[in-house]
Amino acid sequence: MGILQTLFKADEDIRGSKARAILIGMFVAFGGVLFGYDTGTISGILTMDFVKKTFTDSGEFTASETSLITSILSAGTFVGAMLAPLATDTLGRRLGLFISCIIFCVGVILQTIATEQALLIVGRVVAGFGVGVLSSIVPLYQSEAAPKWIRGAVVSCYQWAITIGLLLAACVNEGTHKRNDSGSYRIPIALQLLWALILIVGMVFLPDTPRFHVMKGDLKKARSSLCTLRGLRPEDKFVEEELEEIVANYEYEKTFGKSTILDCFKTGNHQLKRITTGIVIQALQQLTGINFIFYYGTQFFKSSGINNPFTIQLITNIVNVICTLPGIALVELAGRRRLLLWGAVGMCVSEFLVAIIGTAVPNSTAANKTLIAFSCTFIASFAATWGPLAWVVVGEIFPLRVRAKSVAICAGSNWLFNFVIAFITPYLVDEDRANLRSKVFFIWGGCTFLCILFVYLFVYETKGLTLEEIDELYDTVTDARKSRSFVPTNKFLEVAPIPVEQYSSNENNSLGEGIEKANVGYIEKV
Ligand code: BGC
């Protein structure tokens with residue numbers, strides 16, 4: 001573990017088992033494989049000869065059919081993401097994940113048995129709903145379960161799993177696309193049941209997050225969850241300390257009253273600023289145009305005159321997977337702000353170059369090679385920065401009482417823009433419609449320029465802080481540009497120390513009144 005300590009420079013902060021923290025975080029990240037595979041598989045499926053023969057009368061999908069079948073998944077995911085808190089705030093983060101997997105499996109089965117467009121579309125909506133629920137639970141679970149020294153890296157693994165899912169989908173499609181039977185599409189679709197099964201089995205052994213149990217007033221379970229997650233004994237002083245901090249912070253937040261969805265948009269606790277940051281970062285992540293490559297890349301490279309677009313699609317996926325790795329390492333070293341800024345600059349330059357070269361010298365061999373090269377630098381810049389960081393940021397910037405709802409709204413924003421882009425792109429590039437070809441990259445390039453401005457003005461540096469310290473950061477630093485120099489001043493417990501026994505002796509292990517009186521929070525005290 002020496003390398004880890006050097007890498008994250010967090011020697012003094014690392015408490016409990018490092019291997020366990022990493023393994024648990026990485027396992028939950030596996031949900032990303034479902035997400036990536038499901039979104040990635042359709043573009044290849046729609047270009048398969050057998051599929052075109054089975055699902056269309058003319059032997060070709062029209063632009064509107066392609067648009068509907070591709071984008072309908074994101075409509076389901078949008079609704080799923082927004083409704084996820086109904087399960088996560090009541091039944092828990094863990095049960096919510098189970099439910100999302102079951103719904104996902106139903107959708108996959110419907111798609112597998114489909115032989116006409118209607119059932120395929122219904123199956124995609126249902127599977128999408130499951131993926132949507134899952135997409136807002138995974139970063140939430142990871143942020144709440146991981147220790148602070150590795151939280152960013154753990155959530156970034158979710159993104160890595162998404163990229164692996166996308167790559168797997170491209171590989172499986174490549175393996176089956178020449179088949180002249182229903183196995184061509186049934187194999188890649190049905191394989192997704194395996195990903196869901198792995199996640200379901202693993203979740204049987206994982207606890208719910210300590211923060212969920214604290215929210216439910218069950219300290220006994222919160223303590224036992226912390227012990228499992230950190231690999232520490234219940235009487236360990238680190239368990240005690242972390243639990244006390246979570247409880248004290250939650251009690252302070254409760255003084256703002258009961259939370260509803262509207263509270264996610266209220267100005268108190270700087271929530272409006274936080275939710276705007278989360279919604280915009282997710283929207284911009286989609287507006288970078290990354291899914292233009294992953295949903296329609298095959299068609300785009302083909303129409304740009306590039307031979308063997310399928311291989312190029314495979315290459316772009318491999319770049320995506322490999323370049324996410326430096327992102328995972330850098331998120332705790334360079335921090336959120338720097339990485340997002342560097343990434344936005346890299347994407348902006350690459351996309352404008354693709355647009356200019358593709359427009360100025362279309363169809364020349366040299367231009368095609370340059371087009372591919374800069375598409376790859378664009379993907380690399382995305383993969384190492386905005387891909388993982390959009391999820392890291394939304395997982396960690398919200399206060400506990402509205403965290404699940406806020407993460408859900410932000411994931412909803414991601415899927416809404418995902419849907420819009422998936423829906424309009426066929427019209428933008430179709431030869432009989434707008435026929436923009438490479439010019440479409442002027443749009444994405446312009447959006448990445450907005451990414452630069454947005455990060456500079458609005459994204460706070462949260463590296464190395466606990467979720468509770470991030471609350472203090474938002475409460476005390478008004479300008480995101482100054483957030484890097486923030487040093488957490490007070491822990492709740494330094495202000496109003498309340499030993500956990502004081503309320504955990506309560507019969508139901510629920511939080512007693514004592515803490516509510518004692519804990520007035522740092523704002524008044526500092
Ligand atoms: C995005 C997806 C995208 C993927 C690409 C994710 O973070 O939310 O829409 O397909 O990254 O790696």
From phi via Karplus (6.51, -1.76, 1.60), per-residue ³J(HN,Hα) for region 238-252 in Hz, x at Gly/Pro: 5, 5, 4, 4, 5, 5, 4, 5, 5, 5, 4, 5, 5, 5, 4
Heavy-atom surface of the chain, accessible at 1.4 Å and reported per residue (Å²): 37 Å²
Cα shape, the chain, gyration tensor, a/c 1.5 rule: prolate
Efficiency of FRET from Cβ geometry, PHE449 and LYS258, R₀ 41 Å, rounded to 0.05: 0.50
Linear extension gain, SER224 paired with ASP475, 0.36 nm per residue minus alpha-carbon span: 87.3 nm
Integer Hz, Karplus 6.51/-1.76/1.60 couplings in order for region 465-479, x for Gly and Pro: 9, 6, 4, 6, 5, 5, 4, 5, 4, 5, 6, 10, 10, 8, 10
Sites LYS53 and ALA366 - FRET efficiency at Förster radius 41 Å, r taken between beta-carbons, to 0.05: 0.60
Packing-based order for 456-465, 411-420, 383-392, using average beta carbon neighbours within 10 Å, highest first: 383-392, 411-420, 456-465
Rough spin-label spacing in nm, given labels placed 7 Å along Cα→Cβ, for VAL122 and LEU325: 4.5 nm
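With the full set of protein chains in place, find how many percent of the accessible area of region 69-108 is carbon and sulfur; take the probe as 1.4 Å. Display every interim value, and only then the final one.
Working: 1050 of 1200 Å².
Answer for region 69-108 is 87 percent, counting heavy atoms of protein chains only.
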Label-point separation in nm, THR90 to CYS171, each point 7 Å along Cα→Cβ: 4.1 nm
From phi via Karplus (6.51, -1.76, 1.60), per-residue ³J(HN,Hα) for region 290-301 in Hz, x at Gly/Pro: 4, 7, 4, 5, 7, 8, 10, x, 4, 5, 5, 5
Anisotropy class of region 414-463 from Cα gyration tensor, a/c 1.5 cut: oblate
Subset of LYS439/LYS463; LYS148/LYS220; LYS53/LYS302; LYS258/LYS482; LYS52/LYS302; LYS237/LYS273 violating a 27 Å alpha-carbon distance limit: LYS439/LYS463; LYS258/LYS482; LYS237/LYS273
Rough spin-label spacing in nm, given labels placed 7 Å along Cα→Cβ, for ILE113 and ILE315: 4.3 nm
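Please report, in debye to the nearest 20, how large the charge dipole of region 19-151 is about its Cα centre when each Lys and Arg carries +1 at its beta carbon and each Asp and Glu carries -1 there. Show your work: numbers first, answer last.
Numbers: 8 positive and 8 negative charges, 136 e Å.
Here region 19-151 has a charge dipole of around 660 debye.
The values are calculated or read from the model by the stated rules, or taken from the named source; none is laboratory data. In this text the structure is predicted, and so the values were computed from the model without any measurement. Cβ sites come from the backbone with ideal geometry, for glycine too, and all protein chains shown count toward neighbours. Just the protein is used for accessible areas: all its heavy atoms, side chains included, with ligands, DNA and RNA removed. Shrake-Rupley method; radii C 1.70, N 1.55, O 1.52, S 1.80 Å.
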